[in-house]
Amino acid sequence: MKEETGRKPAEEENPRIDFPDPHHFRDLLGQHDEHLKIIQRSLGVKLQVRGTSIEVEGDHVEAELAGKVLKQLYGLLEKNYPVYGSDVDYAVRILSGDRRANLQDIFLDTIYISSHKRTITPKSVAQKAYIDAIRRHDIVFGIGPAGTGKTYLAMAMAVAELMKNNYVRIILTRPAVEAGEKLGFLPGDLAEKVNPYLRPLYDALHDMVDFDRARKLVERGTIEVAPLAFMRGRTLNDSFVILDEAQNTTPEQMKMFLTRLGYGSKAVITGDVTQIDLPAGKPSGLKEAWRILTHVEGIRFVTFTERDVARHRLVQEIISAYERAENPDGAGN
């Protein structure tokens, strides 16, 4: 007996997902179906809109993943979370890496609402683990490539905790090491000389707190932005301390910094061990701390990869390409 050729067997039918609320459904599609285009481009599937339903065509595994992404994004919209194109991109990355991940656990974990009324939340599984680690531990290391939100999220946590009066002050510091270019003798007084090194910290701060308020907090000493050398000899009590660009500390500087921590304080240390700007032959304090302190109770290390990059999607590809070029045999650092 001949099989019917006009119709696919039931198990091969394209999955069709129904979304009951027309308003949320429009937001799910995005302007000019932008959100659907991101999913199609990322997963190589075809999404057909039928009323308030979406039919998914393509490879079974990728089609199932696309359906999962759509359902979970719709769930966020039902919780009144505004979904943007970048969120769709993050959602695809998260669920591609872990099909069991729950986007609501990650995206609805509000850390802080910035001066621009933007809600700051984690955007990857690693970012969520990092935020949870900062909440639970007094010393946390965030290690991974640029653009993974290590410093930005630590800053958001610090400002949020300061506003709740859980800490008396925030201290932001980084080593004054030139990134591959000789700047020579900078003009001006001491503050003017070190400011170029600290500019990224000020930029992140001003994204959280409006300029005038940030200036007043800095003037009062409630927020201190200083080069790492200024930490020597101090005891930092009741402070939320962030050490940025920690890969450029020497082992002596790292030990000095970690032993400054006083009562009621928390320290977050961030860095990228693939971007060390120390002179040739000088060991990195971050790499040494990672080796020595990994098993110390109360200290937590969280690592990020290119999958956690929260910048333009090409940044993720650039990091991967450089890693392949530097490790053609797939060997580690």
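Find me the longest stretch of the chain that has none of the exposed chymotrypsin sites (Phe, Trp or Tyr not before Pro), where exposed means in a DSSP loop (not H, G, I, E or B) with at most 13 other Cβ atoms within 10 Å. Before the final figure, lay out each step's value.
Values: sites that count: TYR84, PHE185, TYR263.
Free of exposed loop sites, the longest segment is 85-184.
Spin-label point model (7 Å from Cα, Cβ direction): what's the ASN14 to VAL168 distance in nm?
6.5
What nm distance separates the two modelled labels at ARG215 and VAL49, each placed 7 Å from Cα along Cα→Cβ?
In this crude spin-label approximation the distance works out to 4.7 nm.
Run through the DSSP bridge list for the chain and note the antiparallel percent, rounded to the nearest 5. Spell out each step's value before the answer.
On the way: 10 of 35 bridges.
Beta bridges within the chain, antiparallel portion: roughly 30 percent.
If I compute Rg/Rh (Cα atoms, Kirkwood Rh) from the structure I just sent, which labelled value in [x] 1.05; [y] 1.01; [z] 0.94 lines up?
Correct label is [x].
How large, in percent, is the carbon and sulfur part of the accessible surface of the chain at a probe radius of 1.4 Å?
Working: 9010 of 18160 Å².
The value for the chain is 50 percent carbon and sulfur by accessible area.
Can you give the accessible area per residue of the chain, in Å², using a 1.4 Å probe? Before the final figure, lay out the partial values.
Details: 18160 Å² over 333 residues.
With the other protein chains kept in place, the chain gives 55 Å² per residue.
Once you mark the GluC sites (Glu not before Pro) that are in a DSSP loop and have at most 15 other Cβ atoms within 10 Å, what is the longest gap between them in the chain?
Working: sites that count: GLU3, GLU4, GLU13, GLU178, GLU181, GLU297.
With a cap of 15 other Cβ atoms within 10 Å, the longest stretch comes to 14-177.
May I ask for the longest run of the chain untouched by trypsin sites (Lys or Arg not before Pro) that are loop-located per DSSP and have at most 15 neighbouring C-beta atoms (other than their own) within 10 Å? Mind showing how you got there, number by number?
Details: sites that count: LYS2, ARG7, LYS79, ARG99, ARG100, LYS117, ARG118, LYS164, LYS182, ARG232, ARG234, ARG311.
After excluding every exposed loop site, the longest remaining stretch is 235-310.
Could you list, in their original order, any pairs among LYS79/LYS117; LYS71/LYS164; LYS46/LYS68; LYS79/LYS266; LYS37/LYS117; LYS117/LYS216 whose Cα atoms are separated by more than 24 Å? All intermediate terms of the calculation are to be shown ahead of the outcome.
Details: LYS79/LYS117 18 Å; LYS71/LYS164 35 Å; LYS46/LYS68 14 Å; LYS79/LYS266 32 Å; LYS37/LYS117 28 Å; LYS117/LYS216 20 Å.
Going by Cα-Cα distance, LYS71/LYS164; LYS79/LYS266; LYS37/LYS117 fall outside the 24 Å limit.
The values are calculated or read from the model by the stated rules, or taken from the named source; none is laboratory data. Computed from a prediction, not measured in an experiment: that's the story for all the values here. Please note: Cβ atoms are built from the backbone with ideal geometry, for glycine as well, and neighbour counts cover all protein chains shown. Side chains included, ligands, DNA and RNA excluded: accessible areas come from the protein's heavy atoms. Shrake-Rupley method; radii C 1.70, N 1.55, O 1.52, S 1.80 Å.
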